[in-house]
Each structure stands twice: as structure tokens, then as C-alpha cells.
1. Scan segment 4-12 and give yes if some residue there is in contact (Cβ under 8 Å) with a residue 60 or more places away in the chain, assigned to a loop (DSSP other than H, G, I, E, B) and either among the aliphatic types (A, V, I, L, M) or surrounded by 13 or more Cβ atoms within 10 Å (Cβ to Cβ) (or both), otherwise no.
2. Here is a list of conditions, (1) among the small types (Gly, Ala, Ser); (2) in a helix (DSSP H, G or I); (3) over 30 Å from residue 124 (Cα atoms), and residue 76 meets all of them except one; can you say which number that is?
3. Go through (1) part of a loop (DSSP other than H, G, I, E, B); (2) at pLDDT 95 or above and name the single condition residue 265 misses.
4. Can you tell me which residues in segment 317-357 are polar (S, T, N, Q) and closer than 16 Å to residue 386 by Cα?
5. On the basis of being part of a strand (DSSP E or B), hydroxyl-bearing (Ser, Thr, Tyr) and either within 23 Å of residue 52 (Cα to Cα) or assigned by TED's automatic domain parsing to the domain that holds residue 362 (or both), does residue 113 make the cut?
6. Here are some conditions: (1) of a type in the set (A, V, I, L, M); (2) more than 30 Å from residue 177 (Cβ to Cβ); (3) crowded, with 22+ Cβ neighbours inside 10 Å; (4) touching a Phe, Trp or Tyr at 6+ places or on another chain (Cβ under 8 Å). Residue 235 meets all but one. Which one does it not meet?
7. So, in segment 334-393, of the ones that are assigned to a helix (DSSP H, G or I) and among the β-branched types (Val, Ile, Thr), which residue ends up surrounded by the most Cβ atoms within 10 Å (Cβ to Cβ)?
8. Kindly evaluate residue 246 against the criterion of being β-branched (Val, Ile, Thr), modelled with pLDDT of 95 or more, buried (at least 24 other Cβ atoms within 10 Å of the Cβ) and outside any helix (DSSP H, G or I).
Amino acid sequence: MTRVAITGMGVVSAIGNDVETFRRALHTHAGGLAAPEGMDEVPKGISVVGQVRAFDGLARFGKDRLALLDPFAQYGLAAADEAIAMAGLDFRADPAMAARTACIVGTGGAGISTFQEGFARLYKEGKNRVNPFTVPRAMGNAACSQITMAHGITGPAFAVTSACATANHAIGLGFHMVRSGMVDRAVVGGSDALVNFGNLKAWEALRVVSRDTCRPFSKDRTGMVIGEGAGVFVLERWDDAVARGVPIQAEMIGFGMSADAGDITFPSVEGAARAVQACLDDAGLAPGDVDHINAHGTATTANDATEAKVIRTVFGDRTDAVSVTSTKSFHGHALGAAGGLELVAAVVALQDAYVPPTLNLTELDPACPLDVVTGTGREGAVRVALSNSFAFGGLNAVLAVRRTDAA
């Protein structure tokens, strides 16, 4: 079976707009949750977000290009640019390679910022026209399409959307395409720009958002914190990466998915457990092979307790030997981009032999009996890590990665 290497990573997030800044934040426990900035009005129930800051779209893309880019596409493009540069690839210089490269970049909210601007023009300002670029800016495939156009990728390309599992589905699909030989490489991930009045108002109405901060697995947790950003990766055949002499960041080894077919918002132990087990089976792993899990860990009452049961169901007696963290406590819940950000964190754990802490945890909830890493994090070798994403609608996707020297 073809081995698959991760040769590039790119990130835009509340804790950094490049991989090294993101890595440094994890090591220094520098969370990025804070009051929203740059908004004319903020919903009363929203006091903290994981907002992308210090991101200059005009400087990155120029005025003319920026006019066609919703923020979610800007974030996706920036992360893809970093990932492709890290991988040392130039698709335009090699049309044959470009035609054998897939691009799968998903989103949960798509161009919600563009739609909000249009609605404000119509219903707040009383105008009768919206931005003529509303459709190409807001469509769900905008980030994916813009990436293909920017880099000349001409192979299979599409977007996926599965709420909070979007990025993991996109990454996993690309992984399977490379492993099966359908393509030689894949640019994969997720992007979302969600810190705007309309989206925050919708989440406020659902009554699952915290008024203070994100405390995954903590007894006193009060809900999730909305984040945003993008996480994008380059996957390629292991032998090709070795032949090119490019640094391999980690090995992608497994992907599992499932549907709860139950409640639209309440998670299922059985459904999520099937996805975790499917990932282990796909990777040829036993529970004892896994050292670390980057949890879905949203800090809602239902999710965290359910996820703890999922992990215990699959790992059994091995559960207490698996370190667990939720980096949503750093960057918030970036929905369609969440799995991308969290896979970067999982790869950092492999590379640096360091599991970042779950921030803000005051007392572990007895309903979440896991080895949740707190404090200043934990040093120690991590050979294999999982990254869980369990979405509204009961759509679950789990990824497995391995340290490059741990095969």
C-alpha cells in the first residue's frame, strides 16, 4: 500500500497566521481567545471569540484580487500558499504534476461575511443592489477554486461541507485518493471566516456559546467559543517526497468516518466510536499504538462527556495511557477549519515531543475521566496521534498521523 507523506502545512488562526507562530503559541500557552474587534455591533451574549487578527488581506492579495475574495477564501489561500511553499512545489512549472494533483478544501460557513454585507446593504442601508461579485465570493467552493487558480492545480478539485468535520473529511478524502493512486498529490484542508454579527447571533441563539472562555473537559465549562481560520496541507506519495529530498512533516496513516443517523445536534457515543475505530482499522493500528488524541473538545456539556465515553469505548483499559488535549481552548471552534488547525497541532506534538495543555481547565469533570493534559503541557515522545472531529448532524471524521521515524 502506498505510504502518504505530509510535506506542507499552512495555518491562519487566532494564535498565529503561519505555522511557526502557531507552534510558538502552543509551546508558550498563549491562547488567542479575546473580545471581538472591528465589529460595529456584537451580540450581547458573545464576549469572547477566536478571531483571526493582524491579517492584512490587502497587502497579501492586492486591491483588485481582494475584491473577489470573501475572508474565508483569503484565509484558505494564505494557508495553502504556506503549505505549498513548505512542500517546495511549483505546479505551473510542471503541468503533468499539476494534472495529477487534487485540491479538496472545504468550509462550514462559506461566504457568510459576503452575504451579511449584502443583507446590510439591502435591509439596513436601504439600497437595492448587492456586490456584483456576491456569488463567486460566497460560493462554498470559492477557497478551493481560488487555490487551484493561484497555483495552477488542474487535477480533481472540489469542496466538502460537513459542519465541524469538514476539514477532516477533506483531508481524509485527499489521503485516500493519494494512497489509492488516483492522484499523486493533494492540497487539502478547511477554511472558515465566522466572526461576524450574523453568524455570532445564530450561535448565540443556540445557547451553546460561553460568555467567558473555552474550558474543555472542565467541571465548570460553560460552552464553546466561536473561532475561525484555515488549516491546509500538502499530501503526497512517500517515495516521491523522499526522491525530491523535501522534509516530511509527518506520515498520514488513517482516516475513519461515520454518521450517527440520530439527532441533528446531540452527539452519539456509538456513531463517533465507529469513526474512531474505522480510523484505527484503516491505519492498521491497535489501541495500544496511539499515544495522543487531539480531541474535538468543544467545551459544551454534552460533547465533552460524550467524547470521553467514545474514547473509553474504543480504547478500553488503554485509555489512561493516551494523552488528550483540546486546542480549541487556544483558538476557539473554527467549525469547517477546526480539523485543519487541530491536525497542525497534532503534527506539532509528533515533531516536538510535546502535547500542549488544555487551557482554562480548573477541575476535571468526573464525567470526563481522561488523561487531559493541563498546566504547561507535557513533554514526551508522541509516535502516533489521532485528531477527532464530531459534527452537528452526526457526521464524524477522525484522522491518524505518525511521526516520520516511527513506522
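The values are calculated or read from the model by the stated rules, or taken from the named source; none is laboratory data. On a predicted model such as this, the values are computed, not experimentally measured, just so you know. With ideal geometry, Cβ positions are generated from the backbone for all residues, glycine too; neighbour counts draw on all protein chains shown.
1. First pass over segment 4-12, keeping only residues in contact (Cβ under 8 Å) with a residue 60 or more places away in the chain: 4-12.
If we keep only those that are assigned to a loop (DSSP other than H, G, I, E, B) as well, we get none.
Scanning segment 4-12 turns up no residue that is in contact (Cβ under 8 Å) with a residue 60 or more places away in the chain, assigned to a loop (DSSP other than H, G, I, E, B) and either among the aliphatic types (A, V, I, L, M) or surrounded by 13 or more Cβ atoms within 10 Å (Cβ to Cβ) (or both).
2. In the conditions (1) among the small types (Gly, Ala, Ser); (2) in a helix (DSSP H, G or I); (3) over 30 Å from residue 124 (Cα atoms), residue 76 misses (3) alone.
3. For residue 265, the exception is condition (2).
4. Correct list: 319, 323, 325, 326, 327, 351.
5. No.
6. Of (1) of a type in the set (A, V, I, L, M); (2) more than 30 Å from residue 177 (Cβ to Cβ); (3) crowded, with 22+ Cβ neighbours inside 10 Å; (4) touching a Phe, Trp or Tyr at 6+ places or on another chain (Cβ under 8 Å), only one is false for residue 235: (2).
7. Here is the first cut: in segment 334-393, the residues assigned to a helix (DSSP H, G or I) are 335-352.
When the remaining residues are screened for being among the β-branched types (Val, Ile, Thr), the result is 344, 347-348.
Working: 344: 31, 347: 25, 348: 25.
Looking at the filtered set, the residue picked out is 344.
8. Details: β-branched (Val, Ile, Thr): yes; modelled with pLDDT of 95 or more: yes; buried (at least 24 other Cβ atoms within 10 Å of the Cβ): no; outside any helix (DSSP H, G or I): yes.
In short, no.
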